[in-house]
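The values are calculated or read from the model by the stated rules, or taken from the named source; none is laboratory data. This one's a predicted model, so the numbers in the text were calculated from it and none came from an experiment. Here the Cβ positions follow ideal geometry from the backbone for every residue, glycine too, while neighbour counts run over all protein chains shown.
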Amino acid sequence: MKKCILLSTLIFSGLSLNGMSKHAPLSKQTDRLLRACVDGTYDQVVRTIKKGACINGFFSNTSLDFLNGATGLILASRRGHTKIVAHLLKKKADVTLTASNGDSALLLASQNGHTECVELLLDHDAAINYTAPDGAFPLLLAAQNKHYETVKLLLERPADVNKTGPKNETALILACMKGQKKMVKLLLSNGADPNITTRSGYTALMMVVSGNHTEIVKKSIVKSLQDHGADSSLSSIPAMTITMTPGEELSVEKATLTSVQELSSYIGNNELAQRMDASCATCNKQGHLHKCSGCQDVYYCDASCQKKDWPNHKEICKAPKADAQSEKPEKEVNN
């Protein structure tokens with residue numbers, strides 16, 4: 001979601017912070033303070049504050065958007081300079097301030113796995129469930145970047161384990177997508193809901209089996225999810241109606257079908273496996289099919305396909321016929 005640019009690299013290449021700051025209302029000492037927070041020079045931080053540097057001073061009107069509005073606390077937290085963060089907080093640096101793009105000190109410390117900085121910020125009442133304008137929040141970014149200890153600390157404080165991001169993704173869904181067995185167990189033990197779905201309709205279970213993980217990792221995470229009530233029924237499988245060009249639709253459909261087939265092998269759902277091997281009795285399409293609720297043997301894409309096949313199917317369907325003259329199916333397909 002966010003890209004961390006190493007400021008020291010920029011400075012090393014000759015792009016100074018002074019050069020990036022156009023008409024920034026910074027005193028000489030405040031400018032030095034911000035530089036020191038980037039570089040991690042603790043003694044310089046102490047000196048500049050003693051000489052009157054503004055503790056909550058920040059860059060403005062820079063050519064790099066992520067620098068705009070960034071205070072010393074935000075810069076030091078991003079880089080994980082724990083000693084500097086502690087000193088700034090002691091000197092009453094404001095943990096509620098954010099950069100112009102919405103990044104907070106806690107958000108950046110969590111994103112980069114600086115657990116000690118995260119703890120210091122939380123001890124000074126940083127908002128643990130703060131959400132940036134792009135939808136990111138500390139727990140989500142820590143999980144996304146595989147920072148187990150940071151996730152553990154955030155949950156202990158406690159962060160909202162089921163808070164969702166911009167695509168309705170949770171920390172659990174991202175941990176499953178990344179194949180993080182230990183983190184998945186940690187999140188589940190802290191009340192993570194395995195049945196929350198993304199905006200595309202995918203659950204944590206679907207994410208892990210479609211990921212590029214080893215068999216051992218997949219089976220371990222699937223078991224953890226099932227032990228905590230993950231829905232492995234057919235109703236949890238998202239439909240495959242996709243509006244694209246014919247070539248793109250076929251490609252996405254095949255990819256989705258493969259993911260669902262993999263799912264059946266990991267969750268031991270025989271009905272799912274049977275359904276994925278079947279094809280619609282009317283159009284021969286495979287994928288997200290529905291079983292006839294009468295005979296329980298034949299599959300259709302939907303009620304429309306079932307009705308088209310009814311003149312042929314009614315002779316073998318085991319469902320009782322209430323009206324022999326009717327050309328309509330006795331029972332609609334299961335949804």
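For the stretch 133-170, which residues satisfy the criterion of being of a type in the set (Lys, Arg) and either more than 18 Å from residue 207 (Cα to Cα) or not assigned by TED's automatic domain parsing to the domain that holds residue 111 (or both)?
152, 157 - these are the residues of the stretch 133-170 that are of a type in the set (Lys, Arg) and either more than 18 Å from residue 207 (Cα to Cα) or not assigned by TED's automatic domain parsing to the domain that holds residue 111 (or both).
I'd like the full set of residues that are within 23 Å of the chain's Cα centre (by Cα), within 16 Å of residue 155 (Cα to Cα) and among the acidic types (Asp, Glu), limited to the stretch 87-142.
Matches in the stretch 87-142: 119 only.
Tell me which residues, restricted to the stretch 71-87, are within 12 Å of residue 108 (Cα to Cα) and either part of a helix (DSSP H, G or I) or of a type in the set (Val, Ile, Thr) (or both).
73, 74, 75, 76, 77, 78, 79
For the stretch 136-164, what are the residues that are free of Cβ contacts under 8 Å to residues at least 40 places away in the same chain and not in a helix (DSSP H, G or I)?
137, 145, 146, 147, 157, 158, 159, 160, 161, 162, 163, 164
Output the residues belonging to the stretch 263-308 that are touching a Ser or Thr at 6+ places or on another chain (Cβ under 8 Å) and modelled with pLDDT of 65 or more.
285, 289, 299, 300, 301, 305, 306, 308
Within the stretch 97-126, how many residues are surrounded by fewer than 16 Cβ atoms within 10 Å (Cβ to Cβ) and modelled with pLDDT of 95 or more?
Summing the residues that are surrounded by fewer than 16 Cβ atoms within 10 Å (Cβ to Cβ) and modelled with pLDDT of 95 or more in the stretch 97-126 gives 2.
Please verify whether the stretch 117-129 includes one or more residues that are in a loop (DSSP other than H, G, I, E, B) and either in contact with a Pro (Cβ under 8 Å, 6 or more places away or on another chain) or not assigned by TED's automatic domain parsing to the domain that holds residue 58 (or both).
yes
Can you list the helices (runs of 4 or more DSSP H) lying wholly within the stretch 177-235 that have 2 or more residues being assigned by TED's automatic domain parsing to the domain that holds residue 135 and within 22 Å of residue 158 (Cβ to Cβ)?
Where helices (runs of 4 or more DSSP H) fall fully within the stretch 177-235 and carry at least 2 residues being assigned by TED's automatic domain parsing to the domain that holds residue 135 and within 22 Å of residue 158 (Cβ to Cβ), they are 181-189, 215-227.
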